[in-house]
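Derivation of every value follows stated rules applied to the coordinates shown; laboratory data play no part. Just so you know, these numbers come straight off a predicted model, no measurement behind them. Positions of Cβ are backbone-derived with ideal geometry, glycine not excepted, and every protein chain shown enters the neighbour counts.
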Amino acid sequence: MEIWKGAESFSHRGQSKIGVLVSQGFTGTTSSVIYLAKFFADKGFNVECPRLTGHGTRWEELNTVKYTDWVNDVEQAYAKLKKDSDEVFVAGLSMGGALALYLQEMHPEIKGGILINHALVFEDPRIGFLPILKYFIKSTPAISNDIKDPSQKELAYDSTPTAGAHEMIRLTKVIIENLGKVNQPQLIFKSKEDHVVSLKNVQFTLDRISSKEKDVIWLENSYHVATMDFDKDLICEKSMEFVKKHA
């Protein structure tokens, strides 16, 4: 199936022995986080930004994948980075932030995590009905393009596939069960106005991870897709400081 232009995986090898894995979110594409990925690449780091299975093609395809496909995507990207990097950091937007937590649970050698409006808990009451709803309704309205900057438009699906959404919930449940295993330093970015993911995710995560260092930066001028929004340069700068501090 043809992949959208701008939705492809991004890979870069620099002069550094430090690697950064950057993960996209649910129904989005790598284009939503490419600004951050290329920022690290321009600074000389090794970077992997994988296209998650079922994304960047047709929304119907996302109804055919399992959450384990996304786990395999980031595991493979991590393995590639490890070949060329002595130290690896993980970053992600929304569901990509959840996947960054998953990798840290599975790989204690990872140096730290950068979570951007990460998605673990949801307030939408329809979530509980997804196991049944997915058999009767194939999609619901889109959750994409929650960006304050009017000059930006996210390359993402215009529908939210229900079976795919159920797989995302299954993924978050697995991650939540093991959050206590995360003891690496965490840098959490959270938009004060986010129309997709609840503010509750921040305190929920802080209360359950075992990290001694867990800093939160509240974004004043961005919505959910903050990596494309007015605060994207702040995210890049603070993320670089974080990596330099812990590398």
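Which of the residue pairs 111/245; 17/214; 82/111; 66/192; 214/245; 5/138 have a Cα-Cα distance greater than 20 Å in the structure shown? Flagged as over cut-off: 17/214; 66/192; 5/138. In whole angstrom, region 5-47 maps to an equivalent ellipsoid with semi-axes of 20, 9, 8, each derived as √(5λ) from the alpha carbon gyration tensor and ordered largest first. Scoring 35-47, 233-245 by mean Cβ neighbours within 10 Å over their residues and listing the highest first yields 35-47, 233-245.
Considering only alpha-carbon pairs that sit under 8 angstrom and 6 or more positions apart, the relative contact order computed for region 30-137 is 18 percent. Qualifying trypsin sites (Lys or Arg not before Pro) in region 164-227, where qualification requires a DSSP coil assignment and no more than 11 other C-beta atoms within 10 Å, comprise 192, 212. For the chain, the residue among 221, 236, 147 whose Cα projects farthest onto the positive side of the dipole built from Cβ charges is 236.
Considering all different alpha carbon pairs of the chain, the Kirkwood hydrodynamic radius works out to 17.7 Å. The residue among 27, 179, 55 whose Cα reaches farthest toward the positive pole of the charge dipole of the chain, with charges on the beta-carbon of Lys, Arg, Asp and Glu, is 179.
As a rough guide to protection, the peptides 92-105, 56-69, 133-146, 219-232 ranked by mean Cβ packing within 10 Å, highest first, stand as 92-105, 219-232, 56-69, 133-146.
Between the helical axis of 162-177 and the longest alpha-carbon principal axis of the chain there is an angle of about 40 degrees. For region 132-247, pairs of C-alpha atoms spaced more than 22 angstrom apart make up 48 percent of the total.
Peptide packing for 77-86, 16-25 was compared via the average number of neighbouring C-beta atoms within 10 Å per residue; ordered from the highest value, the list is 16-25, 77-86.
Grab the DSSP H runs of the chain that are 4 residues or longer, score each as -39,500 (n - 2.57), total them, divide by all residues and round the 222 nm result to the nearest 500 deg cm²/dmol. Value at 222 nm, helices only: -10500 deg cm²/dmol. Once the Cα atoms are used to define both axes, helix 232-246 deviates from the longest principal axis of the chain by about 50 degrees. Kindly express, to the nearest 10 degrees and within the range 0 to 90, the angle between helix 95-106's C-alpha long axis and the longest C-alpha principal axis of the chain. Tilt of helix 95-106: around 60 degrees. For the chain, the relative contact order comes to 21 percent (Cα pairs under 8 Å, sequence separation of at least 6).
When +1 charges are put on Lys and Arg Cβ atoms and -1 charges on Asp and Glu Cβ atoms, the dipole computed for the chain relative to its Cα centre reaches about 380 debye. Shape analysis of region 1-137 based on the Cα gyration tensor places the equivalent ellipsoid semi-axes at 27, 17, 12 Å, largest first.
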